[in-house]
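Read-outs throughout are calculated quantities, based only on the coordinates presented, and are distinct from any laboratory measurement. Just so it is clear, the structure is predicted and the values come from calculations on it, not from any experiment. Counting neighbours? That spans all protein chains shown, and the Cβs are built from the backbone with ideal geometry, glycine included.
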Amino acid sequence: MNFADLGLSDELLRAVTDAGYTEPTPIQQQAIPSVLMGKDLVGIAQTGTGKTAAFVLPMIDILGEGRTRALMPRSLILEPTRELAAQVAENFEKYGTHHKLSMALLIGGVQMGDQVKALEKGVDVLIATPGRLMDLFGRGKILLTGCSLLVIDEADRMLDMGFIPDIEEICTKLPKQRQTLLFSATMPPVIKKLADKFLDNPKRIEVARPASANVNIRQFVVQCAASDKRSVLRELLRAEEVTTAIVFSNRKTTVRDLNKSLQKSGFRSTEIHGDMEQSQRIAELERFKRGDVNILVASDVAARGLDVKGVSHVYNFDAPWHPDDYVHRIGRTGRGGATGIAYTLVTPEDAENISEIEKLTGHKIERVKLAGAKPAATPDEVEAEEAPKRSRGRRGAKPAPEQSAPAEGVETTQPEREPAPREERPRQDRTRDRAPRRDTPREERPRDARAERPRDERPREEQPRAPQREERARSEPRHEPRRRAESNDGPDDGWNGPVPDFLKYTLGA
DNA sequence: AAAAAAC
């Protein structure tokens, strides 16, 4: 199956090819022809399945004809968060290069002026979060009577956030004669009712079992005491090839504190949460996407739908309150066919949350403990946290920062690393306390910057030819863990990647 | 319990 078989225009196919895609994902294969025919659609799909392009592409072709009228947008896409709305806008820009579609992004946290100006000129595509849309509607700045195409994205999240009444109200302001597409990762009764009410004989497409975690994601529960969480996280971050990671926490305050603490320990991290200015949120996310930093500490604002390429690891610093959030959080990795790893730090008090998660996903998560009996903070780390002044003078001796996520198409493979024997870690770390980190033998520095390392230091027996750019973007795991484990290390759960061997397994709760 | 979304 090829994009050319889906009925898209030549200009659009050109944009798709330029973006480096050749083969549509299952949801794109099923949705695009149906949307082009003008049918309503219910799409049950996790993020990361190519859902956004599944509606953006046909929309561009549908809207390619016709012209705009002031204050009367021709289509409307509703998104639960500002970040997601912006992400969809980016997609329209990426695929709409050969079309001259006008677009307006209506989200809160930014000045209304430009948004109003765009509306007055007339737009083909309106991408909005409900709050700002309702606000502008109330001010008489928008008429939705010319809106013959509506997309309700992430409907289950809209429900969680209490947006359903808003969505219903918005729906009543649109013309009855219209095409409606609804996407949701899960189909709770309220969403089902919403679909029955506002969609007309929709085609139903389901590409992932609802509430089931992606099989490409290797999941672990790391049991630890609440007081050890930070040191355990640092240990985990250092133990593997962490290309790009998102660390989730339940509270905005924890996000702030944790990010500071990680930075103090020499990690290149940043943060995102709802208390930040919108401009700051965008800027920090941009830095993360660009690879200026490789660790994003986040609240659940980033849990759903956020599409950052090449996230190799997700760490739940706190077990999420709701099991749904777990599925969404870990879904930030293992995207587009790549493999990902998700760790959840679990204190005895969190045990219940985990069993809720397991009930929802129907999958028992493997319990692990760090191999060191006590994963205590190393002396320099304790110092870094408790006495920042003293550690400041040694900033140059901090652990080498992780190499950033490579740009698309950049070869990421590198020689296998000899894992440092676990028993030796603490001693090694103590040495590090007095001597600058750079004195540590190179092979024992897991967070060594990749760029400094000679490329073909050692042969990679298991490494076949390097895949071509497009090929890898489509199917090849870009951040496969570097360490190979013994074949009998992990349970047979359908995931065929290696088990990180720095972990010792303590099965059962 | 928290976070998100409008000013």
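Numbers below:
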item	result
Fraction of antiparallel bridges per DSSP, segment A:258-358 only, in percent to nearest 5	0
Charge context of A:ASP124, other residues only, Cβ under 13 angstrom, K/R +1, D/E -1	+2
Dipole magnitude of segment A:78-133 about its Cα centre (Cβ charges: Lys, Arg +1; Asp, Glu -1), debye to nearest 20	100
Lysines with Cα under 22 Å of A:LYS260, excluding same-chain neighbours fewer than 8 positions away	A:LYS229, A:LYS252, A:LYS289, A:LYS389, A:LYS398
Residues whose placed amide H lies under 5 Å from that of A:ARG204, excluding near-sequence neighbours	A:VAL42
Antiparallel bridge percentage (DSSP; both residues within segment A:1-145; nearest 5)	10
Among A:347-357, A:254-264, A:192-202, the order from most to least packed when residues are scored by Cβ within 10 Å on average	A:254-264, A:347-357, A:192-202
Taking only Cα atoms of segment A:217-364, radius of gyration then Dmax in Å	14.1, 40
Dipole in debye (nearest 20) - segment A:3-206, about Cα centre, beta carbon charges: Lys, Arg +1; Asp, Glu -1	640
Space enclosed by the convex hull of the alpha-carbon atoms of segment A:3-206, per residue, Å³	108
Inter-centroid distance (Cα atoms) of segment A:290-309 relative to segment A:61-91, Å	24
At R0 = 51 Å, FRET efficiency that the Cβ-Cβ distance of A:ALA351 and A:GLN177 yields, to 0.05	0.45
Residue-count net charge about A:ILE357 - beta-carbon cut-off 14 Å; Lys, Arg +1, Asp, Glu -1	-4
Lys pairs, segment A:1-137 - Cα-Cα below 21 angstrom, 8 or more residues apart or on other chains	4
Cα-Cα P(r), segment A:97-245, percent of pairs per 10 Å interval	8, 28, 25, 20, 14, 5
Per-q log10 I(q)/I(0), segment A:181-301, q = 0.23 Å⁻¹ (Debye; single scatterer per alpha-carbon; no solvent)	-1.28
Ratio Rg/Rh, restricted to segment A:272-359 and using Cα atoms, in which Rh is the Kirkwood radius	0.98
Local electrostatic count, A:SER249, Cβ distance below 12 Å [Lys/Arg +1, Asp/Glu -1]	+1
Restricting segment A:1-86 to GluC sites (Glu not before Pro) in coil, as DSSP defines it, with at most 13 other Cβ within 10 Å	A:GLU65
